[in-house]
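Structure first, then comments.
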Amino acid sequence: MNIMYLLITIAVVIFLMGIRIVRPTHRGLIERLGKYNRFANAGFNWLMPVVERIYQINTTEQMVDAEPQEIITNDNLNAKVDAQVYFKVKPDEESVKSSTYNVYSYQYQIVNLARTTLRNIIGTLTLKSANSERGKINAELHNTLMQETASWGIEIVRTELKEIDPPKDVQETMNKVVKAENEKIAAIDYATATETAADGQKRAEIKKAEGIKQARILQAEGEAEAIRLVNEAAEKYFIGNAQVLRKLETVEKSLENNAKIVVPANTELVNVIGELAGVLPLKRTEAK
C-alpha cells in the first residue's frame, strides 16, 4: 500500500513538472533529447521532464534599431544615418522552426543587414537627394531585407529612417541657403503683389480717364446739339440774328454773377441789348 502511494506521488510530481503554458503571443518548439519533436501552440502543453525541452518564440511585432552610423554620400559628405526595422516571426510551425534553426540570432542579423544595406543605398546618393528621397530609401531597404530574410521565417513589416544628419558645418550652410531661398521667395511675392496693386491702380486711372473723356464728349455733343437747335429756332423766328442771339445768351449767363463786361459800341450786340432794354443806341453825328 505504501508503495502504491509512493508511485502515485511520483506520477503526480512528474506530471506537474512536465506542465508548460504557452502564451497567446508565443509559439513553442519541443525538443526531445536535443532533436525537434513537435510544435507547441498557445495554451496547455505537457513535456516529459528531463527528456524534453521547450523553446518559446515571440510572434508579435518587434522593433530593432539599426544604430547610428557615419555614411559617406556620393558628394563626399559624412552623413549620420539611423533607421528602425519592424518585423515579426510568422506564427506557423515552419516559420517558427526557420527562425530558430535557420539563423543564429535574427535580431542581431537584421541590425547588421540593415546597416550594410543603408551604406549601399545612401552611398549612391547625394546628401540633398538622400534627404528628399526618404520614401525611396525606405522602400529599397524594406525590399532588400524581405529578400534576405525570406528563409528565416520572419516578416519585415516596415522600415523607417530616423535621421540623415549632415556634419555641423554643412548643416549651418544648408540652413543659410534655405533662409536665403525663403527670403528670395518672400521678396518675389512682395514684388508681385506690388506690381499687381500698381496694375490695378493703373487700370482704375485709365477707367477714370475714359469716363471723364466720355463725359466731356457727351457734354460737347449736347452743347453742339443745343447750338444747332437754337440756330434753327433763330433762323426760323429771328432770321439773320442767330449768331447775335447766341452771343446774347452768353452775355446773359455772364451777367448772372453781376459781372461787368465791356461790349464794343459798334457791334450788333449793343443794338440787341438796347432793344431788349427799350433803349435805342445813339447815332454818332459826323462832323461837317
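What follows is calculated from the coordinates using simple rules that are stated; it is not laboratory data. Nothing here was measured: the structure is a model prediction, and the numbers come from that model. Every residue, glycine as well, gets a Cβ built from its backbone with ideal geometry; the counts of neighbours run over all protein chains shown.
In this simple spin-label approximation, Ala193 and Glu31 carry label points 7 Å from Cα along the Cα→Cβ vector, and these lie 7.3 nm apart. Per-residue extension of 0.36 nm, minus the Cα-Cα distance of Arg38 and Glu70, leaves a gain of 7.0 nm for this segment. Once the C-beta distance of Tyr101 and Ala11 is scaled by a Förster radius of 25 Å, the resulting FRET efficiency is 0.15 to the nearest 0.05. Of the chymotrypsin sites (Phe, Trp or Tyr not before Pro) found in the range 64-135, the ones in coil according to DSSP and having at most 16 other Cβ atoms within 10 Å of their Cβ are Tyr104.
Distance check, please: which entries in Lys80/Lys136; Lys35/Lys97; Lys80/Lys168; Lys128/Lys162; Lys35/Lys88 exceed 20 angstrom between their Cα atoms? Mind showing how you got there, number by number?
On the way: Lys80/Lys136 18 Å; Lys35/Lys97 12 Å; Lys80/Lys168 11 Å; Lys128/Lys162 16 Å; Lys35/Lys88 25 Å.
Long pairs (Cα-Cα over 20 Å): Lys35/Lys88.
How large is the direction-averaged shadow of the alpha-carbon convex hull of the range 2-58, in nm²?
For the range 2-58, averaging the hull's shadow over all directions gives 4.1 nm².
Tell me the GluC sites (Glu not before Pro) within the range 65-151 that lie in a loop according to DSSP and have at most 11 other beta-carbon atoms within 10 Å. List each step's numbers first, then the result.
Numbers: sites: Glu70, Glu93, Glu94, Glu133, Glu140, Glu148; in loops: Glu133.
Qualifying residues, ordered by number: none.
Computed from the alpha carbon atoms alone, the convex hull of the range 62-166 holds 76 Å³ per residue.
Hey, fewest Cβ within 10 Å first, where do Arg27, Arg203, Arg38, Arg115 land in order?
Details: Arg27 25, Arg203 10, Arg38 14, Arg115 17.
Least to most surrounded, the residues fall as Arg203, Arg38, Arg115, Arg27.
Couplings for the range 108-115, taken from phi via the Karplus curve 6.51 cos²θ - 1.76 cosθ + 1.60 with θ = phi - 60°, read 4, 5, 4, 4, 5, 5, 5, 4 Hz in order; Gly and Pro are left as x. Any idea how far the Cα center of the range 133-167 sits from the one of the range 1-61, in Å? Result: 38 Å between the Cα centres.
One chain, two ends: Ala209 and Glu225. Fully extended at 0.36 nm per residue, the span grows by 3.4 nm beyond their Cα-Cα distance. Between Gln147 and Thr116, the contour length at 0.36 nm per residue exceeds the Cα-Cα span by 9.7 nm.
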